[in-house]
Amino acid sequence: MEAPMFLENECALLRDTFGLQQILLQSEEERMEKPTLDFTSEAAAPKPTKIVGKMKVQVHKVKTTVDPPTGCSMTSLSLSAPRAKLKTIQNQLSNFQSILSSRWQALNNIRVAPHLPNSSFSHKSLAYMHAGTRYVKQAYGLLKVGVRSSHKNSSSYEVIQETYVCMLRLKSSAEENNIRIQPGSGETHIFFPDSLADDLIVEVQDSKGKHLGHVLVQVATIVEDATDKLQWWSIYREPEHEPVGKLQLCINYLTSSDDNSHHKCGSVAETVAYDLVLEVAMKVQQFQQRNLQLYGSWKWLLTEFASYYGVSDVYTKLRYLSYVMDVATPTADCLGLVHELLMPVAMKGHNKRALSHQENRILGETKDQIKQILSLVFENYKSLDESSFSGIMDVFEPATGLVAPALEPAIKLYMLLHDVLSPEAQTNLCHYFQAAARKRSRRHLAETDEFVTTNNEPNFMETVAMSIAYQKMTCLCRNIKNEILTDIEIHNQHILPTLTKSVSIYIYSTELCNRLRAFLLACPPPGPSPPMVELVIETADFHRDLASWNISHVKGGVDAKELFHLYIMIWIQDKQQSLLESCKLETVKWSGVRTQHSTTPFIDEMYERLKETLSDYEVIICRWPEYIFVLENAISDVEKAIVEALNKQYVDVVSPLKEILTPKKFGLKYMQKLTKQSVCSYTVPDELGMLLNSMKRLLDVLRPKIETQFKSWGSCIPEGGNTAPGEHLSEVTVMLRTKFRGYLQAVVEKLAKNTKLQNSTKLKKILQDSQETMGESDIRGRMQMLKELLRSTINHLHTVFETQVFIAICRWYWDRMAQDVLGFLENRKENRS
């Protein structure tokens, strides 16, 4: 069903696609007469088939000239040949010389250059090739006649008995690949020309290594006249192109069919023809990147052509593969096709002898190209984009967690070419993914380069907003984590070998750690500000996630606590020092100011700052509970400083109380002073009320909030901890409560002494002077002065102390007065009546 379209209109499709509208209607002579006829303007130029056969070469003799002739006049031949015959030869050679000289440079430069599938034949190259071949035939015939005619005469050439050395190589090979052969040694060497346009270059040297000249043997000439294997070739010295001798070579040219390898790839002519058909088919079906498949009737034509002319299946796949690799992209469709084409070849190619020399060469070249495309895939496996014409994203983007479709066929292709169980193959594969990780890591790190490369500039952090810097570092941590998550997702789908998993993670973790360390040195964080806390959170989460993903510790990788430990300790110390300094300043600032609770604003101000401090460190404590104890020590020291600051602020009103709290033995003068003071009545000052009210607020309102916060953090401590938080805070509580009770006790004692300053207010005296016969009214009268004193004292206390302190001191005052009553009743039994 595929054939009719090629047969319609007298094979119009074939004639049009192969550019044969005119050439089939002309003879070879007509084509040569019109070499400029453009009969191939629309045809696809064949990709050169390089290895077309092999040449077996022997070097027989070297002749050097005594009187080197100039040009090609052959005057030496006229000495013995009949004049008429030589005249004819000379005329023919003269005509031929003018033509040959004009064609020499063009013929010498003729090469079948590589073309893309959409290029066309060069009509000049084809015409010159045909013409050059005919001219070589004519030249060879004329020269052979001339040599035979002059054979009997004295020759202008003589055999030099000196020893010569010949260095042979193909023009297509490197100069260092010269083959050294001694003339006449019988040594044979086999050369494999890349194409019919290749040349065999023989450099002739004398025994001292001096360059005599060289011989240029065109492979096309050998193929055209393969009957005469033993020939003389002129030796020329460049750059004058001066003939200096002759070299006799025996060249035996064999194609693959002559070498019993027709079953491998068919004869050279068939493979060259197949290449032409393949290229025409590709041009018709617009073969290019992202459009690599051949289909329909043209695919059928190729299959039938290869089958009919004996072109092997391996060759057809390799040749098609070579074209695919010329336009290969790192995409799933391309890599899948490469794997499909290479699979049968690779299975057969395990034994190189199973493939022809030509097939092995093509396979070697395509393997190099496949290695390059695999390197491109693996080193950009997170930047592959099937929708892009090139197969790679035009703009760098963070990892999305999605697996590129091209990655799986790329791995299959790598496994087809390599034994993945071998250490070498595993190492090479790891190197690819190491390069990919470093490349992507470098792109991410570039976003923060400015913060680590310009830190030596003066006032750097003043020119760059701190928050922006830390936000970018936080974003960097998040992007690197996404890279690792994508790698884990790829491995969870069993696309990549397990050994590649740790490779990229190691690079990401170590390079992120190095960047964080350099950044913190360049931009040291002054404290746990919100941007800094976000960076700590992201880094800690990164470290925690690595463990949750069953990734073992990476030496030199991210360890969040190790990175921030020193800074956290400095922050806590700096905060503690700042609060301690505030204790000295704030008491002066708020001196004489009273709040609605009849307390000093100093304590509310300080505890508000303590509360903010705990809030700042909550994120850090939740992740690293061991910092609870460091922070608790700092807070307890600040609380002690707050109490001490209160004592210093109200030292004048506290001093009289200390005389009662800490009685000591004093000298006579001090006792006289104290006795004099005791005569005066004691009135509770307003400042003492502010002090005791403040201490009560600390105990009942402010400090419990701090203690509650530390107790809640205690749940973050892992089981088995030696101590629980709150021990140092409890010490402050005990100290503060003791001071408060002592001050209350001292105030009550002072007030109790006020009742003993006069006999009329001494309760014990009133009781002692009372008689059993006295009525209730008499007792009330005797108690009136004391009652008035107590009433006025309590009223004053109510104005000085807030409610809770007032109630507490009144109760204590009541108990103190009751002690006098109990003492009176207990001293003498008759008093009870």
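The values are calculated or read from the model by the stated rules, or taken from the named source; none is laboratory data. In this text, all values refer to a predicted model and were calculated from it rather than measured experimentally. FYI the Cβ positions are ideal-geometry reconstructions off the backbone, even for glycines, and counts take in every protein chain you see. The area values use the complete protein model at the heavy-atom level, side chains included, leaving out ligands, DNA and RNA. Shrake-Rupley method; radii C 1.70, N 1.55, O 1.52, S 1.80 Å.
Numerical summary
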{"quantity": "Pair list, Cβ < 6 Å and 6+ apart or interchain, from segment 724-736 residues that are at pLDDT below 90 to residues that are open to solvent by less than 70 Å² (accessible area, probe 1.4 Å) and not in a helix (DSSP H, G or I)", "calculated": "none"}
{"quantity": "Residue in segment 752-763 that is at pLDDT below 90, part of a helix (DSSP H, G or I) and of a type in the set (Ser, Thr, Tyr) present", "calculated": "yes"}
{"quantity": "Conditions (1) under 16 Å from Asn479 (Cα atoms); (2) open to solvent by 10 Å² or more (accessible area, probe 1.4 Å): number failed by Glu408", "calculated": "(1)"}
{"quantity": "Condition check for Pro526: in a loop (DSSP other than H, G, I, E, B), under 30 Å from Leu413 (Cα atoms), open to solvent by 10 Å² or more (accessible area, probe 1.4 Å) and not assigned by the TED database to the domain that holds Asn633", "calculated": "no"}
{"quantity": "Subset of segment 723-743 (residues that are open to solvent by less than 20 Å² (accessible area, probe 1.4 Å), more than 15 Å from Val654 (Cβ to Cβ) and of a type in the set (A, V, I, L, M, F, W, C))", "calculated": "Leu729, Val732"}
{"quantity": "Filter result for Thr329 (among the β-branched types (Val, Ile, Thr) and surrounded by 21 or more Cβ atoms within 10 Å (Cβ to Cβ))", "calculated": "yes"}
{"quantity": "Lone unmet requirement of (1) of a type outside the set (D, E, K, R); (2) crowded, with 21+ Cβ neighbours inside 10 Å; (3) in contact with a helix residue (DSSP H, G or I) (Cβ under 6 Å, 6 or more places away or on another chain) for His339", "calculated": "(2)"}
{"quantity": "Out of Leu825, Leu736, sole residue that is in a helix (DSSP H, G or I), in contact with a Leu (Cβ under 9 Å, 6 or more places away or on another chain) and within 30 Å of Ile628 (Cα to Cα)", "calculated": "Leu736"}
{"quantity": "Odd one out for Tyr627, checked against (1) under 30 Å from Glu644 (Cα atoms); (2) without any contact (Cβ under 8 Å) to a residue 40 or more places away in the chain; (3) of a type in the set (Ser, Thr, Tyr)", "calculated": "(2)"}
{"quantity": "Search result, residues across segment 457-485 that are modelled with pLDDT of 80 or more and of a type in the set (A, V, I, L, M)", "calculated": "Ile468, Ala469, Met473, Leu476, Ile480, Ile484, Leu485"}
{"quantity": "Filtered residues of segment 764-808 (kept if among the hydrophobic types (A, V, I, L, M, F, W, C), touching a helix residue (DSSP H, G or I) at 6+ places or on another chain (Cβ under 7 Å) and assigned to a helix (DSSP H, G or I))", "calculated": "Ile766, Leu767, Met783, Met785, Leu786, Leu789, Ile794, Leu797, Val800, Val805, Phe806, Ala808"}
{"quantity": "Among (1) more than 20 Å from Ile362 (Cα to Cα); (2) at pLDDT below 90, the one test that Tyr308 misses", "calculated": "(2)"}
{"quantity": "Single residue of segment 273-306 satisfying the filter (β-branched (Val, Ile, Thr) and open to solvent by less than 70 Å² (accessible area, probe 1.4 Å)) that is nearest to Asp326 (Cα to Cα)", "calculated": "Val280"}
{"quantity": "Contacts under 8 angstrom Cβ, first residue in segment 770-793 being over 16 Å from Gln758 (Cα atoms) and of a type in the set (Val, Ile, Thr), partner open to solvent by less than 100 Å² (accessible area, probe 1.4 Å) and at pLDDT below 80, 6 or more apart", "calculated": "Ile779/Ser770"}
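Conditions (1) closer than 28 Å to Ala269 by Cβ; (2) within 28 Å of the chain's Cα centre (by Cα), marked per residue:
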site: Val327; (1), (2): yes, yes
site: Gly336; (1), (2): no, yes
site: Met343; (1), (2): no, no
site: Glu359; (1), (2): yes, no
site: Leu363; (1), (2): yes, no
site: Gln372; (1), (2): no, yes
